[in-house]
Every structure is written in structure tokens, then in C-alpha cells.
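In what follows, a structure is listed as C-alpha cells, so that the remarks can point back to it.
The values are calculated or read from the model by the stated rules, or taken from the named source; none is laboratory data. Owing to the predicted nature of the structure, the values given are computational and were not obtained by experimental measurement. Cβ placement follows ideal geometry from the backbone for every residue including glycine, while neighbour counts extend to all protein chains displayed. Remember, those area values only see protein heavy atoms, side chains included, never the ligands or the DNA or RNA. Shrake-Rupley method; radii C 1.70, N 1.55, O 1.52, S 1.80 Å.
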Amino acid sequence: MATCQVCGNAVTDRKIVDHIHPLKVSNEERLSQDNLWTLCYRCHNIKTNLEMKIAAKDNGNVILKHAKREWWQKIISERFK
């Protein structure tokens, strides 16, 4: 059984192993354990929507390439409130 690395909920259905730095901006990290984490569907959907909004900005790919796990945890958690 896995736990979502953002909300802490047990993931009982299919797990999503997400790339913290998306492949389109950091393909060299695709198999790095430091770039992978488990998310539930809710947190993954929030992160994906945020990634699309960030990528649309002028320096969006730079932001996505350097975003830390802790930053994502904070920004996704804020969407629950």
C-alpha cells in the first residue's frame, strides 16, 4: 500500500508515480528516484493543472525544472483550503 506524498492519504486504487520535474523540462531525470513520488489522483490532478499554468508563462519551464518537492507539497496543500 502506498501513501500520497502530499495529503498523506493511503492510495488503495492505482498509484500514480509522478515526476516532480516534468519530463518535458527535465527528461534526464526521468528515472531518478529523487524526481519520483507517489500521489493520489486528487493531488496529481491539482499538480498537473498547476504545471500547465506555470508552463504557459514566459519562464515557466525554468520554474518547473527547479521546483522542489517541498514547494509542490505546500502549493498543492494550499488548494485543499
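Structure summary
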| quantity | calculated |
| --- | --- |
| Which numbered condition A56 misses (of (1) touching a Ser or Thr at 6+ places or on another chain (Cβ under 7 Å); (2) free of Cβ contacts under 8 Å to residues at least 12 places away in the same chain; (3) not β-branched (V, I, T)) | (1) |
| Exclusive hit being part of a loop (DSSP other than H, G, I, E, B), surrounded by fewer than 16 Cβ atoms within 10 Å (Cβ to Cβ), over 13 Å from the mean Cα position of the chain (by Cα) and among the basic types (K, R), set K53, K57 | K57 |
| Positions within the stretch 10-27 being assigned to a loop (DSSP other than H, G, I, E, B) and either touching a helix residue (DSSP H, G or I) at 6+ places or on another chain (Cβ under 7 Å) or open to solvent by less than 80 Å² (accessible area, probe 1.4 Å) (or both), in sequence order | I20, H21, P22, L23, V25, S26 |
| Enumeration of residues in the stretch 28-50 that are in a helix (DSSP H, G or I) and surrounded by 11 or more Cβ atoms within 10 Å (Cβ to Cβ) | E29, N35, Y41, R42, C43, H44, N45, I46, K47, T48, N49, L50 |
